[in-house]
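Presented below is the structure to which this report refers.
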Amino acid sequence: MHKFYWISLITSALLLGDERVELLGTVVDVNGSVITATGNPVVLYQDQILSADELSYDRNTSVIEAKGAINVFKGQQYHVISDYTRVDLLNETRYTRPYYMFDQDSSVWMSTDEAQSCKNEIDLSNGTVSGCDSHDPLWKIRFSSADYNTEKMWVNLYNARLVVEDIPVFYLPYFGYPTDRSRRSGLLIPSFGVSNTEGFYYQQPVYFAPQNWWDAELRPQIRTSRGSGMYADFRFVDTPSSQGSIKMGYFKEQAQYAADYDLANNNHYGYDVNYRHAAPLREWFDLDLDGESGLYVDGSWMNDVDYLNLQHTDQTQNVTSNQILSRINFFYNSEDNYFGTYLKHYQYLDRPSNEQTIQTLPSLHYHRYLESFFRDHIMISADAMVTNFYRPDGERAVKGDFTIPLTFQTPLVDEYLDLSYTATAFSNVIGFYGNPQSGDPTDYQEGVYAHLDHTLSLSSTLVRPYESLTHVINPSISYTAAGTRLYNGYYENYHDVCAEDPTNISCQYYSLNEPSDTLSLGLNNYLFESGKQFFVDRLSQNFRYDDQRNYYGELQNELEWEISSAVSYYNQTAYNHDRNRITKEQNTLRYNDGIVTAGVSHYYTDELKYDTTQLRDVPVYASYWTADAAYQYNRQYRFFGLLAYDYREDLWKRSEIGFLHSQRCLDFGIRYVQNRRPMLTNLNTSNSVDDSYIFITIILKPLGGSEFNYKLNN
């Protein structure tokens, strides 16, 4: 036996195949093929660093044994602590007891009695995992066995028990989670809840990510007292400039539930298509153009609105609109010109058929941007829109709108005033084709409408600096003379009819925006402090004169005021002179100092709308109050609440109160919600139903979490 002792650092380097194994230590003992090192010994192998109180390496078997205060670092991936480790470098196996691992990317630690590994697979037994402080974890998951694939960065736990503050709260026979942020196929965190009307709700998302340019998600769900169904999402990125998604879903109601609530449909199904492309002309057609192009697709179809509502568990977010709009927009935009194509498709869920619904398929748009001449004293632009109005059953139309504004402008009085004159030429041409629907006139003629109006404007922008403030005032006055108007064909035949009754079936395509002689006054005020705007007030009043009568337009005012760094106020008011009343008002007052956030808002409207049954304008009145508040007690606790009250109906639309406890490794929250929810029936009416819920949110950072909701009443 030969022993060598040095006080200085000693290094022993050996080759294992093409890999280099280095053993460093201040005291080394060589006994035959076994090298033993003490005095802060370290082994370097591949991307791993192993340190211990004592290290030995057998050159014949390529086995490393480590004893006492063992630390293993593998690249930037994880850190292992143990008392005893045996590593077979030749067979790539390892045995460790006990085993403590800290994953550096996810900040999750794992502690087990022992661990055995072969290459990239680590088998663990009887341990604990958590993302909290290891000395006193707020939550932890205990398991009987586990396996960890260091190459796939995935951990599987078996017989998992969630423990919060040493209290067992949940059991799962299996639970898996990734240790990195890469996309991978597998089960996502489920959502579940309980309702007196729908029974137990459970949805288990299944995620597929076979390639980096697309993924898919299946979301089967069951509501034990209502029915079951499935939704599916397909998402893709086909080029660096584009992305899209396709969603489909189907839900089948139980016969008893559908009968009890008189539902319009026993089955709910539909689809959604979304796509955006920021450079289709360049990437699809290899066109090297100076301008930019774009494509936007947002399409939907469904047999009723419950196709949307059954996708989630929070019924306070239910959709009740009966109109579904699908759009396709394509454009090319250059420095001087804009070209666009737009398609719009409307689906009304409260109609037995949409065969007579007018669709926009398509609109062709051209715009010539503003050009200036003679040192910006003369400016001209042009706009053209041609629209095809299509429907399977009924008269169809093609309409063209053409606008050319020509502006002359000049400064006056040493540039204190700006004077401008604008002549706007507008023309509308319409033609009809197809078969008239029942009740349609059969004598539709092509129509032409044209007008030339004139607008004279005078405005000024005055700036007055003070010691700490700057005041900017912007008064303006303009007068528009309607000028010459030409009516021919369709527009001449139905001008008086549509002016008297816009809902007449003959007026479906009569959409002229006919000008009137109008005097417009405006006054804008701005206040700045240290270069930052904190006050804006915009006041406007129109006086209109037409062939029938003279009348005031509504007096409108909009105010935005940052009273302080924490307090802001917003107001919008419209006053109708003929009715001698405020017809619209919105007031919002908000406070936010970083700790307390609060706001109160009131929305009021009293407008006239044409009633087809009474054949006259009738007032439509609404008044809503909303208030919300939140208090950040400290870094961990946040309390919040919300109220929404319908003054006209004298009922509470929604109320909510709750709290959220947030720590580095856990979010836990409870909120109580009362909500008035509309329900669609066979009569196509919305009957209101009062619901009360308790929502419980648990998020185990960084593994994830879920929200459980319990419905307290019918």
Subject >> Whichever aspartates and glutamates have a C-alpha closer than 16 Å to that of Lys609, once near sequence neighbours (fewer than 8 apart) are set aside >> reply: Glu500, Asp501, Glu554, Asp578, Asp617
Subject >> Spin-label model distance (nm) - Asp336 vs Val620, 7 Å beyond Cα toward Cβ >> reply: 4.5
Subject >> Note, ³J(HN,Hα) from phi for the stretch 364-379, Karplus 6.51, -1.76, 1.60, rounded to Hz, x at Gly and Pro >> reply: 10, 10, 10, 9, 9, 5, 4, 10, 10, 9, 6, 6, 6, 7, 10, 9
Original post:
How large is ³J(HN,Hα), in whole Hz, for each residue of the stretch 596-607 in order, when computed from phi with the Karplus curve 6.51 cos²θ - 1.76 cosθ + 1.60 and θ = phi - 60°, using x for Gly and Pro?
Top reply: 10, 10, 8, x, 9, 9, 10, 10, 9, 9, 9, 10
Original post:
Mean residue ellipticity at 222 nm from the helices of the chain, using -39,500 (n - 2.57) per DSSP H segment of n ≥ 4 over the full residue count, to the nearest 500 deg cm²/dmol?
Top reply: -500 deg cm²/dmol
**OP:** Pick out, in residue order, every one of the trypsin sites (Lys or Arg not before Pro) in the stretch 362-450 that is DSSP loop and has at most 13 other C-beta atoms within 10 Å; say none if there are none.
**Re:** Arg375
Original post:
What label, among (i) 120, 74, 55; (ii) 83, 73, 49; (iii) 84, 69, 47, belongs to Cα extents along the principal axes in Å computed from the structure on display?
Top reply: (i)
Original post:
Among rounded, prolate and oblate, which fits the stretch 115-271 when a ≥ b ≥ c are the square roots of the eigenvalues of its C-alpha gyration tensor, a/c under 1.5 means rounded, and a/b larger than b/c means prolate?
Top reply: oblate
Original post:
What is the sum of charges around Ala52, taking Lys and Arg as +1, Asp and Glu as -1, for the other residues whose C-beta is under 11 Å from the C-beta of Ala52?
Top reply: -3
**OP:** Let me have the relative contact order for the chain, percent, based on Cα pairs under 8 Å that are six or more residues apart.
**Re:** 5
Subject >> Positive minus negative residues near Gly39 (Lys, Arg vs Asp, Glu; Cβ under 13 Å) >> reply: -3
Original post:
Based on the mean of other beta carbon atoms within 10 Å per residue, what is the order of 447-458, 642-653, 155-166, most packed first?
Top reply: 447-458, 155-166, 642-653
Subject >> Radius 11 Å from Cβ of Asp628, net charge of other residues (Lys, Arg +1; Asp, Glu -1) >> reply: +1
Original post:
Unpartnered cysteines of the chain (Cβ-Cβ under 4.7 Å counts as a partner)?
Top reply: Cys118
**OP:** Output ³J(HN,Hα) for the stretch 552-561: one whole-Hz value per residue in order, computed from phi by the Karplus curve 6.51 cos²θ - 1.76 cosθ + 1.60 with θ = phi - 60°, and x for Gly and Pro.
**Re:** 7, x, 6, 7, 10, 9, 10, 10, 10, 9
Original post:
According to the Kirkwood expression over distinct Cα-Cα pairs, how big is the hydrodynamic radius of the stretch 139-209, in Å?
Top reply: 14.1
Subject >> Per-q log10 I(q)/I(0), the stretch 36-112, q = 0.12, 0.13, 0.15, 0.28 Å⁻¹ (Debye; single scatterer per alpha-carbon; no solvent) >> reply: -0.31, -0.37, -0.49, -1.42
Subject >> Entries of Lys67/Lys119; Lys74/Lys247; Lys119/Lys140 with Cα pairs more than 30 Å apart >> reply: Lys74/Lys247
Original post:
Hey, rough spin-label estimate for Asp650 and Cys507, points 7 angstrom out along Cα→Cβ, what's it come to in nanometres?
Top reply: 3.6
Original post:
Which whole-number percent is the relative contact order of the stretch 362-470 (Cα, under 8 Å, 6+ apart)?
Top reply: 21
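All of the numbers you see were taken from the coordinates with simple rules; none came from a lab. None of the values given here were measured: they were computed from a predicted structure. As a convention, Cβ positions derive from the backbone with ideal geometry for all residues, glycine included, and neighbour counts pool all protein chains shown.
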